[in-house]
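Reading through the structure tokens given below for one structure.
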Amino acid sequence: MPKLYSGREVINNFKKAGFWFVSQKGSHIKLRGIRNGKLHYPPMVEIDPTSRCNASCPWCFYRNDDHGDIDIDKSSMLSAIVNMAYMGVGAINWTGGGEPTLHPDLNEFIEKAHRYGFRQGIFTNAISVDHAIASPGKLSWIRVSITNGYLNSLNKNLVREYAEKTRVGI
């Protein structure tokens, strides 16, 4: 029977491997499991780069959370990308308790992750061209979320531009 690790042991093993969690509310990394008594790094991580959002959907459980506007620190995220590549993580899902494209350094994160060979996808509301993804072709997919403005709030030209470069789902 394989040894079962406590949550604290898992976190300590990640720290020993040189990886640290971006420990802020609204950001998380999902672990995929432990096999044969050995820690296996997740094949994919979900990262919430910001808690800021440019929509106010009444059904959003983050909307009424009193977390404030929080962004992942740029240098911590760039280092984490290198560490995740070293550990063998293969994919990043940029998602959010906010709109990921509102993080001022998201495009740099996407570029660095691409250079390290990560497959990437993103959830976005595609409302603002001012916060467009600079290199959508470096993403494997883009999922466009429907906001409180429904299809009327989407920037259709932006969605069309994304669809010319990668797979897009709504």
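The values are calculated or read from the model by the stated rules, or taken from the named source; none is laboratory data. Not measured: the values here are computed from a predicted model. With ideal geometry, Cβ positions are generated from the backbone for all residues, glycine too; neighbour counts draw on all protein chains shown. Surface areas here come from the heavy atoms of the whole protein model, side chains and all, with no ligands, DNA or RNA. Shrake-Rupley method; radii C 1.70, N 1.55, O 1.52, S 1.80 Å.
A few remarks follow.
- In this label model, Ser56 and Leu78 are separated by 3.6 nm, measuring between points 7 Å along each Cα→Cβ vector.
- The residues packed around Gln120, meaning those with a beta-carbon under 14 Å from its beta-carbon, carry a net charge of +4 if Lys and Arg are +1 and Asp and Glu are -1.
- Accessible surface, segment 64-140, averaged per residue in Å² (probe 1.4 Å): 42
- The listed residues Phe123, Phe61, once ranked by accessible area (1.4 Å probe) with the largest placed first, stand as Phe61, Phe123.
- Taking 7 Å steps out from each Cα toward its Cβ at Ala85 and Ser140 produces label points 1.7 nm apart.
- Taking one quarter of the surface of the convex hull spanned by the alpha-carbon atoms of segment 46-170 gives a direction-averaged projected area of 7.3 nm².
- Pair Arg119, Asn152: separation of 7 Å Cα→Cβ label points (nm): 3.8
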